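Visitor: Take a look at the following structure, please.
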Amino acid sequence: MTMVHDAPPARDAITGVVLAGGQGRRMGNVDKGLVELDGRPLVAHVVARLSPQVATLVINANRHADDYAKLGYPIAADAIAGFAGPLAGLHAGLAAATTPYVVTAPCDSPFLPADLVARLAHAFANAPIDIAVARTFEQPHPVFALVRRALLPHLERFLEGGGRKIDAWYASLPVAEVSFDDEADAFRNINTRDELAQHSHASSARP
């Protein structure tokens, strides 16, 4: 029997979830999404690159909700206490979304690809999968992922059982890794003040 694959999810079927709920430990426990790069918060750079690729956005943030709300999108805090990591942010985004799919991107990756969502979506036409994850060379980037919203109950069970590692959750599901070897630099993130200084002014030079 031939298995029928899905058509790639259309833009209007996808909510972007910007993951800004971390503690920013490597940057001195600051709210990293609000740290400025070239005069704009890191989260604003991510929103500017992701928003044209999706129907709408949700920002997952656990602090300074009023500041994040100035970007004009709903704020979804973790339902799980203690800064439980990107899976808790994905959980919050899936719960807040009303579209059949969500795509995640972290707030500290201001150069994310302009074709991120289209390429992840195409993977759903190639195989019967629940998640498409970006990869550069041998390195997967699990926080850049397109996920079926129908996985919310499955994720809730994983989290209720104490699971926190994003790659462990993915391992239990049909996943496709999508190569972005040609755009590897686009996945660079900013974790420290030194990296922030290094990338200052680079954003204005990028398409």
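Visitor: Among the residues of region 56-69 satisfying the criterion of being over 15 Å from the mean Cα position of the chain (by Cα) and closer than 19 Å to residue 93 by Cβ, which is most open to solvent (accessible area, probe 1.4 Å)?
Guide: If we take residues in region 56-69 being over 15 Å from the mean Cα position of the chain (by Cα) and closer than 19 Å to residue 93 by Cβ, then 64 is most open to solvent (accessible area, probe 1.4 Å).
Visitor: To continue, here is another question. Name the single residue, out of those in region 155-184 being small (Gly, Ala, Ser) and in contact with a helix residue (DSSP H, G or I) (Cβ under 7 Å, 6 or more places away or on another chain), that is nearest to residue 22 (Cα to Cα).
Guide: Looking at residues that are small (Gly, Ala, Ser) and in contact with a helix residue (DSSP H, G or I) (Cβ under 7 Å, 6 or more places away or on another chain), I get 163.
Visitor: Could you say which residue among 99, 104 is open to solvent by less than 60 Å² (accessible area, probe 1.4 Å) and either at pLDDT below 95 or over 12 Å from the mean Cα position of the chain (by Cα) (or both)?
Guide: Step by step, each of 99, 104 is checked, and only 99 is open to solvent by less than 60 Å² (accessible area, probe 1.4 Å) and either at pLDDT below 95 or over 12 Å from the mean Cα position of the chain (by Cα) (or both).
Visitor: Can you name the condition, by its number, that residue 114 falls short on among (1) under 28 Å from residue 177 (Cβ atoms); (2) at pLDDT 95 or above; (3) small (Gly, Ala, Ser); (4) touching a strand residue (DSSP E or B) at 6+ places or on another chain (Cβ under 8 Å)?
Guide: (4)
Visitor: Pairs under 6 Å by beta carbon, first residue charged (D, E, K, R) in region 127-145, partner outside any strand (DSSP E or B) and buried (at least 17 other Cβ atoms within 10 Å of the Cβ), six or more apart or different chains?
Guide: That search, which allows pairs on different chains as well, returns 130/151.
Visitor: If a residue must be in contact with a Phe, Trp or Tyr (Cβ under 7 Å, 6 or more places away or on another chain) and at pLDDT 95 or above, how many such residues does region 21-46 contain?
Guide: Final tally of qualifying residues: 1.
Visitor: Output the residue which, of all residues in region 168-187 that are out of contact with any Pro (no Cβ under 8 Å at 6 or more places or on another chain) and more than 19 Å from residue 118 (Cα to Cα), is least open to solvent (accessible area, probe 1.4 Å).
Guide: Among those residues, the one meeting the criterion is 169.
Visitor: Filter region 80-91 down to the residues that are open to solvent by 10 Å² or more (accessible area, probe 1.4 Å), touching a residue at least 40 places away in the same chain (Cβ under 8 Å) and within 19 Å of residue 157 (Cβ to Cβ) and list them by number. If you could, list the steps in order and put the result at the bottom.
Guide: Within region 80-91, the first condition is being open to solvent by 10 Å² or more (accessible area, probe 1.4 Å), and the residues that meet it are 80-86, 91.
With the extra rule that they be touching a residue at least 40 places away in the same chain (Cβ under 8 Å), the set shrinks to 80, 83-86, 91.
80, 84, 85, 86, 91 - these are the residues of region 80-91 that are open to solvent by 10 Å² or more (accessible area, probe 1.4 Å), touching a residue at least 40 places away in the same chain (Cβ under 8 Å) and within 19 Å of residue 157 (Cβ to Cβ).
The values are calculated or read from the model by the stated rules, or taken from the named source; none is laboratory data. All values derive from a computational prediction rather than experimental measurement. As a convention, Cβ positions derive from the backbone with ideal geometry for all residues, glycine included, and neighbour counts pool all protein chains shown. Accessible surface areas use protein heavy atoms only, side chains included; no ligands, DNA or RNA. Shrake-Rupley method; radii C 1.70, N 1.55, O 1.52, S 1.80 Å.
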